[in-house]
Amino acid sequence: MEYELIRSFRKTIGAQFRSDGTLLVRAPYLTPRFVIDRFLEERRDWIEKKRADLQRQQRAAESVVPLTQKELAALKKEARRVFSERVAFYAPLIGVTYGRIAVRSQRTRWGSCSGQGNLNFNCLLLLAPPEVLDSVVVHELCHRREMNHSQRFYAEVLRVFPEYRKWDRWLKQNGALLQMRLPKE
């Protein structure tokens with residue numbers, strides 16, 4: 001199995017794929033190669049699954065058509081309406097208030113909640129299944145109770161939106177394709 005090795009002062013071995021498909025392995029300085037190779041062999045199924053997922057994403061990315069500036073503006077306008085409705089629906093269920101709602105077209109975030117209760121959402125969520133959008137709305141509103149990602153925070157999220165993990169996983173698996181829809185700068 002081919003891989004790129006980076007040695008450092010870390011305590012454990014870790015593996016990840018770069019966006020170009022290269023398997024990157026990080027290991028402590030003194031770890032023998034046979035230990036690293038055994039680590040990778042024990043995780044062969046995971047590595048093959050991740051490699052197949054990456055190849056599938058790369059093929060899907062080839063067919064992505066970016067939005068025009070006009071389409072993006074229309075999407076943002078619609079997103080303001082939809083997010084206002086969904087926040088107004090879920091806030092009483094969670095028992096929280098909120099400040100202003102802003103809609104952006106970001107490449108890195110799906111939502112955020114400030115300490116003042118202002119909410120920001122990514123308009124690209126309108127291109128996902130509605131449950132994905134709702135999962136992000138609930139996630140951000142629950143930060144009005146817990147400004148962290150503790151067990152209590154996730155217990156509240158799951159109380160209000162029991163299928164949260166399913167739709168969060170969908171976003172992790174498909175979010176990069178959604179972000180490719182943003183117009184080139």
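Miscellaneous remarks
- Qualifying residue in the range 47-58 (condition: without any contact (Cβ under 8 Å) to a residue 12 or more places away in the chain, under 25 Å from LEU125 (Cβ atoms) and aliphatic (A, V, I, L, M)): no
- Here is the figure for the range 100-116: residues that are under 18 Å from ALA88 (Cα atoms) and in contact with a Cys (Cβ under 7 Å, 6 or more places away or on another chain) total 1.
- Residue match in the range 149-171 (condition: surrounded by fewer than 14 Cβ atoms within 10 Å (Cβ to Cβ) and of a type in the set (Ser, Thr, Tyr)): yes
- Annotation: THR31 fulfils all but one of (1) surrounded by 14 or more Cβ atoms within 10 Å (Cβ to Cβ); (2) in the same structural domain as VAL157 (by TED's automatic domain parsing); (3) not in a helix (DSSP H, G or I); the unmet one is (2).
- Some residue of the range 176-183 being buried (at least 20 other Cβ atoms within 10 Å of the Cβ) and under 21 Å from VAL87 (Cβ atoms): no
- Verdict on PHE39 being among the aromatic types (Phe, Trp, Tyr), within 21 Å of the chain's Cα centre (by Cα) and at pLDDT 95 or above: no
- Restricting VAL138, VAL132 to residues that are surrounded by 13 or more Cβ atoms within 10 Å (Cβ to Cβ), in contact with a helix residue (DSSP H, G or I) (Cβ under 6 Å, 6 or more places away or on another chain), hydrophobic (A, V, I, L, M, F, W, C) and over 17 Å from LEU75 (Cα atoms) narrows the list to VAL138.
- The range 64-104: number of residues that are over 14 Å from LEU124 (Cβ atoms) and in a strand (DSSP E or B): 2
- The range 105-121: number of residues that are free of Cβ contacts under 8 Å to residues at least 24 places away in the same chain and part of a strand (DSSP E or B): 1
- Filtered residue count, the range 34-76, keeping only those that are loosely packed, with under 12 Cβ neighbours inside 10 Å, acidic (Asp, Glu) and within 17 Å of SER19 (Cα to Cα): 2
The values are calculated or read from the model by the stated rules, or taken from the named source; none is laboratory data. Note that the coordinates shown come from a computational prediction; the quantities given were computed from them, not determined experimentally. Note that each Cβ is placed from the backbone with ideal geometry, even for glycine, and that neighbours are counted across all protein chains shown.
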